[in-house]
Amino acid sequence: MDRGDILTSLTASYDSYAHEREANGEPEWRDDIRLDFSSRLPAGGRVLEIGAGAGHTAKWFHDQGFDITATDLAPANIELCRAKGVKAEVRDMADLGFENESFDGVWAASCLMHIADVDLPDVLREISRVLRPTGYFWAGTWGGGDSEGIWQDDFYEPKRFYSIRSDDRMRAFYEPQFTVLSLDGSDPRPDLDWHYQSALLRKEHP
């Protein structure tokens, strides 16, 4: 499955389930992570959210006084973000289209695992490109054993592509572009042999 097919399928999936995800909201355990992340940024700083979904976290950053821009593949999600008063654009994370070093922080929850291993280094370089030196990047991914492909048990239609990576492999992908300040696993899913990888990263001076 090439990247174009993956993007088309993901867009259709998340467009179809946008309003369901809007109703579900955000998990409460992310609250402490957002507070820690935001405390590292300058007051009123520019924040980019990648894979913003219905915009719950983007709205949180907006309400905290940050200059937040939300991006997502799915136009239905972008409409929901804009309805919350958040700046939002349909963007591919491999080609964000923003100027170099234009954000103080980047937030990406549950989207990097939709990127194939072969494409992930380019995506992380693009994220680094738009992040200012000493800026922070938080990424949350489902990980565990190493596997890649369509998740056949997915209840979304079309079924989504996932690349599930061990903590060590995820760290190895991050390290060429960022300093890994922490990478913690939590919220296990024993039924899937997955857990949630919460990574706090920093871009250093060149």
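For the ranges 135-148, 160-173, 42-55, what's the packing order if you count other beta-carbon atoms within 10 Å of each residue, average per peptide, and put the highest first? Show your work: numbers first, answer last.
Values: 135-148: 20.1, 160-173: 18.0, 42-55: 22.1.
Per-residue Cβ counts within 10 Å, averaged per peptide and sorted highest first, yield 42-55, 135-148, 160-173.
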**Message:** Just to be sure I understand: of the beta bridges DSSP finds with both ends in segment 37-170, what percent are antiparallel, rounded to 5?
**Reply:** 20
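On the protein heavy atoms, probe 1.4 angstrom, tell me the percent of accessible surface of segment 73-206 carried by carbon and sulfur.
Values: 2840 of 5890 Å².
Roughly 48 percent of what the probe reaches on segment 73-206 is carbon or sulfur.
Using just the alpha carbons, could you tell me how many Å³ per residue the convex hull of segment 33-136 encloses?
Working: hull volume 9.4 nm³, N = 104.
Residue-normalised Cα hull volume stands at 91 Å³.
Note down the net charge around Y162, summing +1 for each Lys or Arg and -1 for each Asp or Glu among other residues with Cβ under 13 Å from its Cβ. Could you put the intermediate results ahead of the total?
Details: positive: K159, R160, R165, R189; negative: D117, D146, E148, D153, D154, D193.
Charge balance near Y162 sits at -2.
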**Item:** Potential extension, D122-L192 segment - 0.36 nm per residue separation minus Cα distance
**Value:** 22.4 nm
**Prompt:** Once fully extended, how much extra length lies between S166 and T8, figured as 0.36 nm per residue of separation less the alpha-carbon to alpha-carbon distance?
**Reply:** 54.2 nm
**Request:** Would you calculate the volume per residue, in Å³, of the smallest convex hull containing every Cα atom of segment 98-197?
**Result:** 106
**Prompt:** Which of the lysines could a cross-linker bridge to K87, judged by Cα under 21 Å and excluding same-chain residues fewer than eight apart?
**Reply:** K59
**Complete:** For the chain, the per residue accessible area (1.4 Å probe, Å²) is 45
**Prompt:** Between segment 101-144 and segment 11-58, what is the C-alpha centre distance in whole Å?
**Reply:** 14
**Asked** Among residues other than L7 whose Cβ falls under 13 Å from its Cβ, what is the net charge (Lys/Arg +1, Asp/Glu -1)?
**Response** -4
**Item:** Over the chain: helical MRE at 222 nm, DSSP H runs n ≥ 4 each giving -39500 (n - 2.57), nearest 500
**Value:** -9500 deg cm²/dmol
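Once you charge only the Cβ atoms, +1 for Lys and Arg and -1 for Asp and Glu, what is the size of the charge dipole of the chain about its Cα centre, to the nearest 20 debye? Don't jump to the answer; show the numbers that get you there.
Values: 22 positive and 38 negative charges, 129 e Å.
It works out to roughly 620 debye.
Tell me the Kirkwood hydrodynamic radius of the chain in angstroms, computed as one over the mean inverse distance between distinct C-alpha pairs. Could you put the intermediate results ahead of the total?
On the way: mean 1/r = 0.0586 Å⁻¹.
Hydrodynamic radius (Kirkwood, Cα pairs) of the chain is 17.1 Å.
Would you tally the net charge around G135, using a Cβ to Cβ cut-off of less than 12 Å, leaving G135 out, and scoring K and R as +1, D and E as -1? Show your work: numbers first, answer last.
On the way: positive: R40, R46, R129, R132, R202, K203; negative: E101, D104, E204.
Residues near G135 contribute +3 overall.
The values are calculated or read from the model by the stated rules, or taken from the named source; none is laboratory data. The model shown is predicted, which means the values in this text are computed figures rather than measured ones. Because the Cβ atoms are built from the backbone with ideal geometry, glycine has one as well, and the counts that use them run over all protein chains shown. These area figures cover heavy atoms from the full protein model, side chains too; ligands, DNA and RNA do not enter into them. Shrake-Rupley method; radii C 1.70, N 1.55, O 1.52, S 1.80 Å.
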